[in-house]
Every structure is written in structure tokens, then in C-alpha cells.
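Chemist: Next up is a structure, given as C-alpha cells.
The values are calculated or read from the model by the stated rules, or taken from the named source; none is laboratory data. Since this is a predicted model, take the numbers as computed values, not measurements. Quick reminder, even Gly has a Cβ in these numbers, built from the backbone with ideal geometry, and neighbours come from all protein chains shown. The protein model used for the area step is the full one, side chains on, heavy atoms only, and it has no ligands, DNA or RNA in it. Shrake-Rupley method; radii C 1.70, N 1.55, O 1.52, S 1.80 Å.
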Amino acid sequence: TGFVPLVAKVGQGGGSRGQTPMESFSNALTDKAAAIGVDYRSLSFTAAMGGTAYSGLKKGTQTYTNMLLALNKAKQLADANGWQIIVDGCLVKHGEADSSSVTYLANLLEWQADVDADVKAITGQKAPVHFFLSQPSTFTTTTPRAVQAMLDAHNTSAVHHLVGADYPFGSEFASDLVHFKGAGYFYIGEQFYRAWMQVLWTAASESKITQITQATRTGQVVTLKYSVPVPPLVFDSTTISERDVKGFTFSDSSGPIAITSAAITNTGAGTGVGEIQLSLASTPNGSSESVSYAYSPKVGADMPCGNVRDSDPLVSKHDGRHLYNWAVHQKFNL
């Protein structure tokens, strides 16, 4: 019947949860607009279904239809106020139910294309609808294809943007170790805000993430090049307990090869390109060499995680917590 203030409420419908990433994300954008003197009004709503794979959310499903119904209603309400609606993007907090899907990259591309076409038909906008993706850190499979598909989409598509992984907020998981408590979703919303700002409110036009961009090996030494949004690149085993060797594992066709140490040999100062060297316990003699980061699956309460991050000064408005760009879940073939 009208627009209402964006406030998290517990128990919508038959649910028992309240905070989503949407509230902290949208409020951060509004605060930023006010700080730079821009008159900015935004509308936020969720169109989701918990525990549901892409097949249950895609075009043609009731959840997808509900999204379009909501957008049509929002446009009617906006028109009545003399406002124009433009959908800049969607926050996609998804992937757990599709963790092992071999089609998830194609799904992400299809999902955005469908939303883009249907939104434009309603709003009349020319601008594309961007997809902002948050990697889930709850996978239990040794081949977490969904998180890799998100990274692949980020690196190949102009309208898909990875915002980071969930593992930096592992202390805020709910008791089921899949969903988050309110504070966790608040932090994730702020990660969405940072990426949204970079893509849509700056000349960068892309989100900046900490990821491996090149990997080479000489003997028992593997050298990794890293993109570093805000140098210096650091190892942080205080904020996140170490698992594996700073989060890294190495393997070839013969199986895993132990890593004996990891060292930062270039922090990325001045260039934004850092370097990490891994020392292997033996020289690989197989084929299909790969290095993985934060890829070891969840075992009990031990989540997939790593200790590589940049030094972004952004802090949470919830409690002043540092919101660094932690390195994303990644498998990189040599």
C-alpha cells in the first residue's frame, strides 16, 4: 500500500529471522549519499526462498514471479509519487544448495539475463541489472563448484561481481552453521555496499577482490601473484584461526602434496599486485597441478577459510569491526 522505512523485522510470514544483508547495505548507501550531498532515495525488498537451489528460484518459479509482482507494485507506487524506478542490481546470497552443481556458472549467467530483460520490460530502463555475488563458506564437498563459478562469473562477465566470502564472519554463524545471526548478515551487507560503490558509484566499474591472478612453479617453490585492492597484503592468523598452511593446499594428478611454509614476498605496495611463495615438501611429478585457497570442506564447526587479506580501512557501522578484503575461495590451475 505504500513505502515504509527499511527496518529488519523478525517473523515475516512464517519465518523466525529478521536481519538480511539488505538493511545494512541500503542504509550504508544512503549514509554515503548524504555525506557527499546527493539526494538519494532507494527501495529494497527481498525475493527469496531459503534452502532452495537455482532450479527453484529461476524464471518461471513462484519466487521469481513474486519478484516481478513486487517490482510492478513498486513501480505503481512510485509513479503515484512522480518518481521513476531504476533497478541497479540484485544482491545474490545463494549457492549453498548448488554447491556441487556443474551448471552453476551457466545458471548465474542465465539468471541475470532473465532478470535484466524482465526488469527492463517493467521499468523501461536502459542500464543493465548487475548481479552482486557473495561466496558461501559452508560447503562440505571437496569440489565446491558454486563458489568457483561465482569467481569465474566475476572474472568473465561485466555484470557479475563477487563481493567476498563468508568465512571472515564465521564467529557469527547461527547454530546450524549455515545461516548467520543478525550481525553476520549486517557485515555481509556492508561487503555488498563496498562492491556496489565500486561498480556503480565510481569510475572503476568493477568490484575489487583479493584473488590469485597467476601461479607458477619452479622445483618445490610455487609463486602466486595476488590482486590486492588495498595494500599491504598480509597473513592474519589472529582474526581467523589457521587451517592448512594459511589456507593453501596443493595437488597434482598423483594426489595432494604437502606445503611446508608460505611467505609473502611482495605486499603489493604501489602496484596492487602482491606475491606469495609456497614451499612444497616434494617436487611434483604428475600432471594437472593446482593450488587451492580456503577450499578444504567444512568438517564439524571447522569452516573453509584462510588467512590472506588486504588492509582495507573500511569498518562496520555495527561495532567498528575491520572489513578487510579477505582472499576468496579459489582453485587455480598451474
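Chemist: Leaving ligands and nucleic acids out of the surface, order V4, V115 by accessible area at 1.4 Å, largest first.
Modeler: Working: V4 110, V115 5 Å².
Largest accessible area first, the residues go V4, V115.
Chemist: Additional query: Take the Cα atoms of segment 64-120, build their convex hull, and give its volume per residue in Å³. Don't skip to the end; give the middle numbers.
Modeler: Working: hull volume 4.9 nm³, N = 57.
Considering the Cα atoms of segment 64-120, their hull volume per residue is 86 Å³.
Chemist: Continuing with this model, one more query. Taking K and R as +1 and D and E as -1, what net charge do the other residues with C-beta under 10 Å from the C-beta of I276 add up to?
Modeler: Details: positive: K225, K246; negative: E275.
That sum, taken over residues with Cβ under 10 Å, equals +1.
Chemist: Rule-of-thumb check for segment 243-326: C-alpha Rg over 2.2 N^0.38 Å?
Modeler: Working: Rg = 15.8 Å, N = 84, 2.2 N^0.38 = 11.8 Å.
Rounded to two decimals, the normalised Rg is 1.33.
Chemist: I would also like to ask the following. How large, in percent, is the carbon and sulfur part of the accessible surface of segment 104-157 at a probe radius of 1.4 Å?
Modeler: Ligands and nucleic acids excluded, carbon and sulfur reach 53 percent.
Chemist: Next question. So how much slack lies between E110 and D31, counting 0.36 nm per residue of separation and subtracting their Cα-Cα distance, in nm? Don't skip to the end; give the middle numbers.
Modeler: Values: separation 79, 0.36 × 79 = 28.44 nm, distance 3.31 nm.
Value of the extension gain: 25.1 nm.
Chemist: Cα convex hull of segment 159-204: mean projected area in nm², to one decimal? Could the numbers behind the result be given before it?
Modeler: Values: hull surface 14.2 nm².
Mean shadow area of the hull around the Cα atoms is 3.6 nm².
Chemist: Also, quick follow-up: Cα extents of segment 91-137 along the three principal axes, largest first, in whole Å?
Modeler: Here the Cα extents, ordered largest to smallest, are 36, 18, 12 Å.
Chemist: From Cα coordinates alone, what are the radius of gyration and Dmax values for segment 179-334 in angstrom?
Modeler: 16.5, 50
Chemist: On to the next question. Quick one: which of 56-64, 246-254, 80-88 comes out on top by average Cβ neighbours within 10 Å, and what's the full order, highest first?
Modeler: Values: 56-64: 14.7, 246-254: 18.8, 80-88: 12.4.
Going from most to least packed, we get 246-254, 56-64, 80-88.
Chemist: In addition: Please compute the Kirkwood hydrodynamic radius over segment 127-256, one decimal place, Å, based on all pairs of different Cα atoms. Before the final figure, lay out the partial values.
Modeler: On the way: mean 1/r = 0.0598 Å⁻¹.
Result for segment 127-256 stands at 16.7 Å.
Chemist: Semi-axes of segment 249-295's equivalent ellipsoid from the Cα gyration tensor, sqrt of 5 times each eigenvalue, largest first, rounded to whole Å?
Modeler: Values for segment 249-295, descending: 25, 11, 9 Å.
Chemist: Now a separate question. For the chain, what does -39500 (n - 2.57) per DSSP helix run (n ≥ 4), summed and divided by total residues, give at 222 nm, in deg cm²/dmol to the nearest 500? Walk me through the numbers before you get to the answer.
Modeler: Numbers: 5 runs with 85 residues, N = 334.
Helix contribution divided over all residues of the chain: -8500 deg cm²/dmol.
Chemist: Okay, next question. What do you reckon, how do K120, K73 stack up by accessible area (1.4 Å probe), largest on top?
Modeler: Reading off the accessible areas and sorting them downward yields K73, K120.
Chemist: Let me ask something else about it. In segment 231-307, what percent of the accessible surface is made up of carbon and sulfur (1.4 Å probe, ligands and nucleic acids excluded)?
Modeler: 50 percent
Chemist: May I pose another question? Under 10 Å, Cα contacts only: if you run a Gaussian network model on the chain, which one of V299, V92, V291 comes out with the highest mean-square fluctuation?
Modeler: Fluctuation is largest for V299.
Chemist: Mind checking the alpha-carbon convex hull of segment 13-123 and giving the volume per residue in Å³?
Modeler: Details: hull volume 14.6 nm³, N = 111.
With only Cα atoms used, segment 13-123 gives 131 Å³ per residue.
Chemist: Express the accessible area of segment 281-322 per residue in Å², computed with a 1.4 Å probe while the remaining protein chains stay in the model. Kindly include the intermediate steps, with their values, before the conclusion.
Modeler: Details: 1840 Å² over 42 residues.
Accessible surface, normalised per residue, equals 44 Å².
Chemist: Kindly provide the Kirkwood hydrodynamic radius of segment 56-212 in Å, to one decimal, from all pairs of distinct alpha carbon atoms. Intermediate values should be presented prior to the final figure.
Modeler: Values: mean 1/r = 0.0598 Å⁻¹.
Answer for segment 56-212: a Kirkwood hydrodynamic radius of 16.7 Å.
Chemist: If you project the alpha carbons of the chain onto the principal axes, what extent comes out on each, in Å, largest first?
Modeler: So the extents along the principal axes, rounded to whole Å, are 69, 41, 38.
Chemist: Of M49, M22, M150, which has the most accessible area with a 1.4 Å probe, and how do the rest follow in descending order? Let's see the in-between values first.
Modeler: Numbers: M49 110, M22 30, M150 0 Å².
Sorted descending by solvent-accessible area, the residues read M49, M22, M150.
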